[in-house]
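The values are calculated or read from the model by the stated rules, or taken from the named source; none is laboratory data. Since the model is a prediction, treat every value here as computed from it, not as a measurement. Backbone-built Cβ (ideal geometry, glycine too); neighbour counts: all protein chains shown. Ligands, DNA and RNA are excluded from the accessible area calculation, which covers all protein heavy atoms including side chains. Shrake-Rupley method; radii C 1.70, N 1.55, O 1.52, S 1.80 Å.
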Amino acid sequence: MNEKGNGSVTLSIAGTNKSASLPLLHGTMGPPVIDIRELYSSLGVFTFDPGYAATASCESKITYIDGEAGILLYRGYPIEQLAEHSSFLEVAYLLLNGELPNKAEKAEFEGGVMRHTMLHEQIRSFFNGFRRDAHPMAVLCGVVGALSAFYHDTLDINNPEHRRINAFRLIAKMPTIAAWAYKYSIGQPFMYPRNDLGYAENLLYMMNAVPAEPYKVNPVLARAMDRILILHADHEQNASTSTVRLAGSTGANPFACIAAGIASLWGPAHGGANEAVLKMLSEIGHKDRIPEFIARVKDKNSHQRLMGFGHRVYKNYDPRAKIIQRTCYEVLEELGIKDNPLFDLAMELERIALNDDYFISKKLYPNVDFYSGIILKALGIPEHMFTAMFAVARTVGWVSQWKEMIEDPSQRIGRPRQLYTGTPQRDYVPLEQRG
Ligand code: CMC
């Protein structure tokens, strides 16, 4: 972060002689940012920005998004290049450490992650406490939070070695927890991880294999899963990442912080959208019913949104949606599926929406979730597991952002202010005097 030249913004309060000069901060990319840290002490006012649409909550070197141009970079590398040439664990290393690994670093990192895939045997008992029909995200919140209770000796957040080992644990154990949540929901035995497999391959193995027979993961499907994980690995200061940072700013341990992130991801406006897209497509059912559905979306009183469309930051095509759409073709071709009614319906829905004034004028384009549900379904993953898959991928982003925050010397507890519009101070009225 540079404070270039004399860049500053002068703010004065009309009708008073109060004014303040606020520094303008310049990142390496993106618009400049007004530093308002001294605003209250200089002018006695706060800023009001519900939903943080105009507020940079932190300084970060991890992910950059240009929403107008539809650009997403991890540590400076375009998402398209990483999705094409890299692997999820290599991207995980990049997000955590800032640079791509060399051969030795890559082998050591992959070995390190894959050696932590097993869960403490006592964690098995946590699963039995849930109803069989528990949503996997409820199971994930509970079990990930419970990990805090298994690693008392390495919970010092100020110890770099503790931070490193817990990053490995979280990235490595999430697929096992998610796969076991699924196995529990369908009454099948838990499959132990296989460390000789790749990260995505092992995830598909634990989800689909059973102990009674051999199971070989299709490499094209494993590659598609790996790509989905890369695309979801980080997305700068979104709701769940900001939740992780806020929880982490109090000094809470990383397992508790990631559990908080999982809870935040669950909502349909965020990670739950991929599940909601499939529900919406099944509800529409047929191309003939698209116009009727679009009319409902445009009706302000219906509260119906076109799920998988729109984004707080992207006012252009989400670059991840393009890659997912292409990967969808590859998976359907590999599986020999010539006509996939859901995919056809989604393509037609997208075509109609992109030509409709309502969506054009509001700059609403498909986001990552519009096609991710279709591809996950083709990979044999049931709808109720979609958001859990997102959580598996995003864990590395959450951990990287948490680590960056803890290592930032200017880090303080996150504590927003408010515009109070409640009753002014008044005196307590005894019960017998109340009307
Ligand atoms: N369908 C119909 N109208 C929409 C949609 C949509 N999907 N998204 C936004 N709008 C309209 C909205 O009604 C509002 O109209 P008006 O100005 O007339 O009141 C305008 O566009 C701006 O919307 P907003 O709600 O103020 O925008 P936001 O930045 O607060 O919300 C969003 C972003 C992603 C929550 C929203 O676009 C949405 O609900 N999309 C559907 C859910 C979805 O696909 N979520 C996944 C997001 S990407 C993955 C992730 O982050 O997890």
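Overview of values
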item: Ratio Rg/Rh [Cα only; Rh per Kirkwood] for the chain; result: 1.00
item: Local net charge near Arg245, Cβ-Cβ under 12 Å (Lys/Arg +1, Asp/Glu -1); result: -2
item: Computed [θ] at 222 nm, helices only, for the chain once each DSSP H run of length n ≥ 4 contributes -39500 (n - 2.57); result: -15000 deg cm²/dmol
item: Restraint check, Lys106/Lys216; Lys298/Lys363; Lys173/Lys403; Lys300/Lys363; Lys279/Lys377, Cα-Cα greater than 20 Å; result: Lys106/Lys216
item: Relative contact order, percent, region 196-287 [alpha-carbon distance under 8 Å, six or more residues apart]; result: 18
item: Using distinct alpha-carbon pairs, which all enter the 1/r mean, Kirkwood radius of region 128-258 in Å; result: 16.3
item: Electrostatic dipole magnitude of the chain [Cβ: Lys, Arg +1; Asp, Glu -1; Cα centre; debye, to 20]; result: 720
item: DSSP-loop trypsin sites (Lys or Arg not before Pro) across region 343-435, with at most 14 other Cβ within 10 angstrom; result: Lys362, Lys363, Arg412, Arg417, Arg426, Arg434
item: Charge dipole of region 212-304 about the Cα centre (unit charges at C-beta), most positive-ward option of Met225, Ala273, Ala295; result: Ala295
item: Segments 118-124, 8-14 sorted - mean Cβ within 10 Å per residue, highest first; result: 118-124, 8-14
item: Region 224-336: relative contact order in percent, alpha carbon pairs under 8 Å with at least 6 residues between; result: 20
item: Average accessible surface area per residue within region 133-262, 1.4 Å rolling probe, Å²; result: 33
item: Relative contact order [Cα under 8 Å, 6+ residues apart], the chain, whole percent; result: 19
item: Ranked order, Val392, Val45 - accessible area, probe 1.4 Å, largest first; result: Val45, Val392
item: Net +/- balance of residues flanking Thr47 in space, Cβ distance below 15 Å, scoring K and R +1, D and E -1; result: 0
item: Rg/Rh for region 125-167, where both radii come from Cα atoms and Rh is the Kirkwood radius; result: 1.13
item: Carbon + sulfur, % of accessible area of region 230-388 - ligands and nucleic acids excluded, 1.4 Å; result: 52
item: Span per principal axis, largest first, for the Cα atoms of region 259-389 (Å); result: 40, 38, 26
